[in-house]
Structures are given as structure tokens and as C-alpha cells.
Amino acid sequence: FESAKSKAPSIVFIDEIDGLMQTRERAQRSWEVTQVNELLQCMESFDGILIAATNFYQNLDPASVRRFTFKLIFDYLNRDGKIQFFRKVFQSELTHDEAECLSQIPDLAPGDFRTVRQSLFYLDANVTNAVRIDALKAESMAKAQSKGLGTGNRIGFSPVQG
């Protein structure tokens, strides 16, 4: 924040903010409370734009949530989004059947396409769309298993009622 203040106007982006601003009610050490308090003070006195991202909105300290003017949800990609990311990331067109198969894969986010592209980078340059789609299915299944709940968790901020 100090560095950003000296370069006004500034934008500060904090990814995975939940690691820094967990609710103080669950704090186990005094420094955890102090850290949140210090960040709250920095947020209050910052004249720039602060953007924060989390997949764990529910873990944020309520006082930090109140300090964000806008709270946005970035849900998983819909059918058109999946097709668009597939074309962009893999530089490949889909047949009608491939597009249908892709559209049935739940909970795909842009990062999943990047992960699959990176994992397939080391394979033969002639990787087929079927291989890419199978790898995206595997990403989706791994995500569901890591949650232990199946699918359906959103990414980003959830809207606040009130």
C-alpha cells in the first residue's frame, strides 16, 4: 500500500485475499487478528483502487467485506464460454459433436483450459480435440473430488444481500 500511495493514482490487486483476511473470530494467534486489523486500516486510508480475489468468500472477515464497494461473482463458463475458450486456447475448431461433449463438462473455468494446454504441451504436436476434451473432463472431475462435494461451487465474490 505504501508503494502504491507514492505512485498515485494506483490500483492494488491482491489475489487469494482470504489468506490475509480470514475472519478474526477463528483466529488462533494474536498476529492473525493484528494482520487483519492492519489490512483494514490500509484499506481505509488507501486513495487508489483495491481489487481482491478469493474462492473462499465465506472465510473473509466481515469487516473487510463491508469495505468493498462492489462484490462480483465470476461463475463457471457457460456453453458459449467453453467453446470460445477452447478455440482461443487450443487454436482449434470444434465439430458439432465435440462442442456438445465440451458443453456437458461441468464447472470449467478459464484456468482449466490453461492447465490442460500446459499439460498437453509436452505431448505430440498433433493432439486431437478428443484428447483435449478428455483432459478437460479430468480437470473437472479432479476439481469435484478436491471439493468433496461434487460440483457447483462458484469462484469469485458472492453477492451480498442487503
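The values are calculated or read from the model by the stated rules, or taken from the named source; none is laboratory data. Everything numeric in this text was worked out from a predicted model, so none of it was measured. A quick note on method: Cβ atoms are made from the backbone with ideal geometry, for glycine too, and the neighbour counts reach across all protein chains shown. All accessible areas refer to the heavy atoms of the entire protein, side chains included, with ligands and DNA or RNA removed. Shrake-Rupley method; radii C 1.70, N 1.55, O 1.52, S 1.80 Å.
Against the condition more than 20 Å from the chain's Cα centre (by Cα) and either in a helix (DSSP H, G or I) or of a type in the set (F, W, Y) (or both), how does D80 come out, does it pass? So D80 fails the test.
F70 meets all of the listed conditions (1) part of a helix (DSSP H, G or I); (2) at pLDDT below 95 but one, namely (1). Within region 123-151, restricting attention to residues that are at pLDDT 55 or above and part of a loop (DSSP other than H, G, I, E, B), the residue that is most open to solvent (accessible area, probe 1.4 Å) is N126. Can you confirm whether R154 is within 15 Å of the chain's Cα centre (by Cα), at pLDDT 85 or above and among the basic types (K, R)? Judged against the criteria, R154 is not a match.
Count of region 18-55 residues, restricted to those that are under 18 Å from F70 (Cβ atoms) and in contact with an Asp or Glu (Cβ under 6 Å, 6 or more places away or on another chain), is 3. In the set S3, S10, which member is within 14 Å of I51 (Cα to Cα), of a type in the set (G, A, S) and open to solvent by less than 90 Å² (accessible area, probe 1.4 Å)? Answer to the selection: S10. One residue stands out in region 21-55 among those that are among the aliphatic types (A, V, I, L, M) and more than 20 Å from K5 (Cα to Cα): the one that is most open to solvent (accessible area, probe 1.4 Å), namely V33. If you go through region 56-73 and keep only what is under 13 Å from M21 (Cα atoms) and open to solvent by 30 Å² or more (accessible area, probe 1.4 Å), you end up with F56, Y57, Q58, N59, P62, R66, R67. Does region 83-122 hold any residues that are open to solvent by 100 Å² or more (accessible area, probe 1.4 Å) and part of a helix (DSSP H, G or I), and which are they? Q84, R87, K88, H96, D97, R114, F121, listed by residue number.
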